[in-house]
1. With a 1.4 Å probe and every protein chain left in place, tell me how much accessible area Lys246 has, in Å² to the nearest 10.
2. Once the convex hull of the C-alpha atoms of region 89-246 is built, how many Å³ does it hold per residue, rounded to a whole number?
3. Relative contact order, percent, of region 120-214 when contacts are C-alpha pairs under 8 Å separated by at least 6 residues?
4. Once you have the Cα-Cα distance between Phe197 and Tyr169, take 0.36 nm times their residue separation minus that, and quote the gain in nm to one decimal.
5. So for the pair Asp137, Lys64, with labels modelled 7 Å out along Cα→Cβ, what separation do we get in nm?
6. Top to bottom by accessible area (1.4 Å), largest first, where do Trp185, Trp159 land?
7. Could you state the number of Å between the C-alpha centres of region 160-233 and region 1-63?
8. Going Cα to Cα from Lys167, which aspartates and glutamates come in below 12 Å? Please leave out same-chain ones fewer than 8 positions away.
Amino acid sequence: MAKQNIFDNETFFEGYKAIRDREGNANDLFEIPALFSLLPDLKGKSVLDLGCGFGEHCVEFVNKGASKVVGIDISEKMLEVAKKENSNPAITYILLPIEDIEMVDDKFDIVISSLAFHYVEDFDGAVKKIYDKLNTDGSFIFSQENPINTTYSGEIPRWTRDENGQKIYVNLSNYAREGERESEWFVDGIKKYHRMFSTIVNTLTENGFIIEKMIEPIPTDEILERFPEQEDLFHKPDFLLVKAKK
Ligand SMILES: C[S@@+](CC[C@H](N)C(=O)[O-])C[C@H]1O[C@@H](n2cnc3c(N)ncnc32)[C@H](O)[C@@H]1O
């Protein structure tokens, strides 16, 4: 199956990095706090981070007491930054696709992945391998783009707007047609994979996981005061986070 490595595209990489460096980006406001709220106590635990990117989370896991962290990513450019800016004796970074994690030695107490699975075509295959990589009672915690977002293909406008251009509601089409979507974000032809909520839930449970919690982050009053445009998330949460147990 195809494995895309869009983060090694120079234009995409620069655009993505600029967004992550911007104050008030969606990761900092919503996705990261939700992800970290799902973490168990990390003291003395081993953590495997799938699609670790710049390695910022890997360092945080060590700061929170993890004894060993392995971060894997398909992108050389992302790992270059990780090794330069977020190295630590307890962290090993490996250039490896999520689809091939059987190549990583050892089993882990926690497998975590932040915003990478919508780039992975074979979710079922990955979940099977993650189950095998976890110690008994281990946790699998991940975030991905919300299925309401991954269904979008650019064929119709994302929003219906009033005569003043204000967003009224989200347009949804082909939600139940799963599979590849091509979109434009800094560059053309970015491939993501859309799966319905039921598919995500059933893939986890049919492979032996118990789902403990799901989060679709929405803004607090404090966030809305600073970033009123985040009101949009009441129509359409951007992220989905799942905590599951082996
Ligand atoms: C949106 S970034 C998130 C990076 C990091 N997890 C974070 O939250 O800051 C997605 C990352 O997943 C990686 N990725 C995408 N598809 C992958 C695959 N099939 N195998 C491994 N890494 C992948 C990308 O290279 C990129 O670094």
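The values are calculated or read from the model by the stated rules, or taken from the named source; none is laboratory data. Remember, it's a predicted structure, so these values are computed and weren't measured experimentally. When we count neighbours, we look across all protein chains shown, and the Cβ atoms used for this are built from the backbone with ideal geometry, even at glycine. Just so you know, the surface numbers come from the protein's heavy atoms only, side chains and all, with ligands and any DNA or RNA stripped out. Shrake-Rupley method; radii C 1.70, N 1.55, O 1.52, S 1.80 Å.
1. 50 Å²
2. Given the Cα convex hull of region 89-246, per-residue volume reads 164 Å³.
3. Reported as a whole number, the value is 29 percent.
4. Length difference between fully extended and current span is 8.1 nm.
5. 1.8 nm
6. Trp185, Trp159
7. Each part's Cα centre sits 18 Å from the other's.
8. Once the sequence-local aspartates and glutamates are set aside, what remains near Lys167 is Glu229, Glu231, Asp232.
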